[in-house]
There are 2 protein chains.
Amino acid sequence: MLSLLDLLRRMDAGTLPPDGALALCREAIAAREPEVEALVHLDETARPGAAGGPLAGIPLGVKDIIDVAGLPTRMGSPLYEGNLPRADAAIVAMARRAGAIPLAKTTTTPFAYLDPTRTRNPAVPDCTPGGSSSGSAAAVAAGMLPLALGTQTGGSVIRPAAYCGVAAIKPSARLLPTVGVKCFSWTLDTVGLFAASVQDVAHALAALARRPELALPEGDPLTNHAGIRLGILHQDFAGDPEPEAAAALDEAARAAERAGARLVALESPPLLADAWRLHGIIQNFEAAQALAWEWDAHRDALPPELRGLLDEAQSVDAALYDDARRIVHHAREAARGIFAEVDAILTFAAPGPAPRGYASTGSSRFNRLWTLLGDPCVAVPGLESADGRPVGVQTISRFGRDEKALAAGAFVAAAIAARR
Amino acid sequence: MLSLLDLLRRMDAGTLPPDGALALCREAIAAREPEVEALVHLDETARPGAAGGPLAGIPLGVKDIIDVAGLPTRMGSPLYEGNLPRADAAIVAMARRAGAIPLAKTTTTPFAYLDPTRTRNPAVPDCTPGGSSSGSAAAVAAGMLPLALGTQTGGSVIRPAAYCGVAAIKPSARLLPTVGVKCFSWTLDTVGLFAASVQDVAHALAALARRPELALPEGDPLTNHAGIRLGILHQDFAGDPEPEAAAALDEAARAAERAGARLVALESPPLLADAWRLHGIIQNFEAAQALAWEWDAHRDALPPELRGLLDEAQSVDAALYDDARRIVHHAREAARGIFAEVDAILTFAAPGPAPRGYASTGSSRFNRLWTLLGDPCVAVPGLESADGRPVGVQTISRFGRDEKALAAGAFVAAAIAARR
């Protein structure tokens, strides 16, 4: 994989020219893309800007539900064939300000729902890369891009990161703007980032949000965050994990403890289980409105999973939605309680390793609650199942404390690496 | 003015054909538009749908920052010349579902900020119609349309309604979706409605939101809502009103009291004054991101008020924004207190009647707090200054209780009418 911090250091030191990262990406794309199929458009004219910035010269992948001025934005659907947005999405304009180079649009499941793309998982043959940000996760995993934008409404950032073995963050709700991003659910949609390591992700988030305090300190995370308190949470309300995910969480927790973390076994308050069950009501009520034109005018052109969801979503009652919002409001308060005694939660990033085949992009059941609560989640790579498939874990902190989820993620990743 | 309830009754009774409302609008537009200049595009091909619905046959004006599939959407700016959205905004698709006919795009100040349009106030010569939803307010006031969509980020629905002498609602935050509406501030932007009467507005809101309970009962509001408790609030934190606005609020309150309302003098808690002051920080921090492409790539093409705001907005600190959000979160809780003993607040809709000339669209200082809190506001027409300019008042209820603000608005309007 291409580490953006490594590329920045080399460009800064002059051992890589200012367009060197771009050249490396173009080479890797030429070599890997025919097999991975993570991209829907490559901007042949992309060049580094002159202005510098904390991401100067870093090529960026942009999920194809996010507008880039003058590049096609197709939402993974023929309904948007030939759609050329006039303006950059806010997050893309902010990436340009930071010096990043929007180089490629990456595959998305249609409208970021469950119908799969043709993208392959670069880390394991014949497995889904996950979804809906399939192309962004796969492009980073294949070493074609050092940074890519995705979105999460259920688990569409953390799950594909876990399946492909890369790092990612779904930040606090609205830390990164969704203006110019095709909407599925305005309460849930969250822009996230994929990169090779948790440090890379933290640097990019700090640069894009212009919040320097989010970058991780240099040096060994095991020293920097010594004594970190991690709450182990099994999310029982979301069902049982597969054995590989259970083993990975145990292994991550043991490695973290050996590296000096303090572990706390957490129980989730009943209100969180209630909120978890309400994710679908909020998502579906809003999707029926957000995609009203697509369903009214082009229902037959929608893929089966999405069409089925929207058919069902038409009948979600407003009173049910209002009640769900009230309960979630209280659950957000209740969630603060479980963060009171820990710096971050450590839990499953997905039910297991990437499912075999391409029929399904996997399940978001261990991600949904945190998207709904708006709490920041970091996908931590480094573990594998016995048959060599990546199995991610995730660290989660309370809303607005993204630096804690990142510190915990970096600590756990370093502890996993040190265990060898 | 064209009352949508009256038009619906006549079409329902067969005294007006199904395309009769459309024909009336086309006639009125031909007669009034050359002088008022409220429209930027008229859809010559618009026809009533076959499906019926609670707004069947009702022509609709759509503020030109709201997408209509296949019609130009120009944001009041040459930057979006020739921009043809592929999809309807969610609210437009929902209007079509209800049977409404998107007939015209209405003028907007550029990107819905303060730089004026050329639209004239149909109610008073040589006065601004207010902004930013200038065309929607003016088109309803001129009798060219029975219903029009606007948006409010500061006071852009209630203020032009007050200046033009029409009814309007800025509903609870996110009651109507903003998907497909050009974003200025994702926390503040709210879709609202203009119509001839409060009853018309209530019927349209109920139909668009598919919440039948929001429609007002038939019959006399003075009977239906007898004994309603109105809190008189002067919003001292927002400065003094002009004498005409002060007189109008007194007159509305006296008329309501004579009609049987119970009046309660309210004091606003200090936290509301704090929140009022923070509106600009939240708006500007978000606008700098939402309009990042426009400012980065086309700063010189932006009009002076907007360019000045965005120049200033670049330096709003993230920590200041985070603090503002926290304080506003508490202010939302505090606002519930003032609603505890009343059904609705009655207060100024604008500092005074429409300012003379076209240099300014007026001030949102009596509107900002409620946009920020997300509380529903209803513009109540019917009063005039001594020199014949409309002076609106507004009724406000707590978040999620739009039916109370509407009931109070209908009561006050009826009390004003009964006073003659």
Rh (Kirkwood; distinct C-alpha pairs) - region B:90-136, Å: 12.1
Please build a GNM for chain B, connecting alpha carbons under 10 Å apart, and tell me which residue among B:Asp240, B:Asp250, B:Asp387 fluctuates the most. B:Asp387
So which GluC sites (Glu not before Pro) in region A:1-108 are both in a DSSP loop and have at most 13 other Cβ atoms within 10 Å of their Cβ? A:Glu44, A:Glu81
Only helices counted: for chain A, with every DSSP H run of 4 or more residues adding -39500 (n - 2.57) and the sum spread over all residues, [θ] at 222 nm is -12000 deg cm²/dmol
Amide proton proximity set for B:Leu383, modelled H, under 5 Å, gap of 5+: B:Val391
Shape descriptor, region B:1-152: equivalent ellipsoid semi-axes (Cα gyration tensor, sqrt 5λ, whole Å, largest first) stand at 24, 19, 12
Sequence-distant residues sharing a close amide H with A:Cys377 (under 5 Å, placed H): A:Lys170
Could you run the Karplus curve 6.51 cos²θ - 1.76 cosθ + 1.60 with θ = phi - 60° over region A:66-81 and give me ³J(HN,Hα) per residue in whole Hz, x for Gly and Pro? 10, 5, 10, 3, x, 9, x, 10, 10, 6, x, 9, x, 4, 10, 4
Please report which chain A residue places its beta carbon nearest the axis carrying chain A onto chain B, with the distance rounded to a whole angstrom. A:Trp186, 4
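In nm, what is the difference between 0.36 nm times the number of residues separating B:Arg258 and B:Ala418 and their Cα-Cα distance? Before the final figure, lay out each step's value.
Working: separation 160, 0.36 × 160 = 57.60 nm, distance 0.97 nm.
Full extension from B:Arg258 to B:Ala418 adds 56.6 nm.
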Total formal charge among the other residues, if their Cβ is under 10 angstrom from that of B:Asp296, Lys/Arg +1 and Asp/Glu -1: +1
Here the correct list, in nm and shortest first, of distances from A:Ala23 to the same site in the other copies, label points 7 Å along Cα→Cβ, is 7.3
Please report how far the C-alpha centroid of region B:71-93 lies from that of region A:260-291, rounded to the nearest whole angstrom. 35
Got the B:Gly357 label distances to the other copies yet, label 7 Å along Cα→Cβ, in nm, shortest first? 7.3
Can you give the convex hull volume of the alpha carbon atoms of region B:169-220 per residue, in Å³? 81
Taking all pairs of different Cα atoms in region B:189-264, averaging 1/r and flipping that mean, what Kirkwood radius in angstroms comes out? 14.8
Inter-copy distances for A:Gln314, label 7 Å out on the Cα-Cβ vector, sorted ascending, nm, one decimal, are 4.9
If you filter region A:179-271 for GluC sites (Glu not before Pro), then keep DSSP loop positions with at most 11 other Cβ within 10 Å, what is left? A:Glu218, A:Glu267
Could you give the semi-axes, largest first, of the ellipsoid that matches region A:90-234, computed as the square roots of 5 times the alpha carbon gyration tensor eigenvalues and rounded to whole Å? 23, 19, 16
Just from the alpha-carbon atoms, what are the Rg and Dmax of region A:89-173 in angstroms? 12.4, 38
Per residue, what volume in Å³ does the Cα convex hull of chain B take up? 125
Under 5 Å between amide H atoms, partner at least 5 residues away or on a different chain: which partners does B:Leu147 have, H built in plane at 1.01 Å? B:Gly61
How big is the Kirkwood radius of region B:240-330, worked out from every pair of different alpha carbons and given in Å to one decimal? 16.5
Normalised contact order of region B:322-420, rounded percent, pairs of Cα under 8 Å and 6 or more residues apart: 29
Given the alpha-carbon gyration tensor of the protein assembly as shown, what are the semi-axes of its equivalent ellipsoid in whole angstrom, ordered largest first, with each equal to the square root of 5 times an eigenvalue? 48, 28, 25
Go ahead and set up a Gaussian network model of chain A, Cα springs under 10 Å, then flag whichever of A:Thr178, A:Thr371, A:Thr128 fluctuates most. A:Thr178
Would you look at the GNM of chain A, springs on alpha carbons closer than 10 Å, and say which of A:Gly14, A:Gly180, A:Gly260 moves the most? A:Gly14
So what's the projected area for region A:264-311, the Cα convex hull averaged over all directions, in nm²? 4.7
With N residues in region B:309-420, what two-decimal value do you get for its Cα radius of gyration over 2.2 N^0.38 Å? 1.29
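Here, each number is a calculation from the coordinates, and none is a lab measurement. Only a predicted model underlies this, so the values are computations on that prediction, with no experimental measurement involved. Note: ideal-geometry Cβ built from the backbone for every residue, glycine included; neighbour counts use all protein chains shown.
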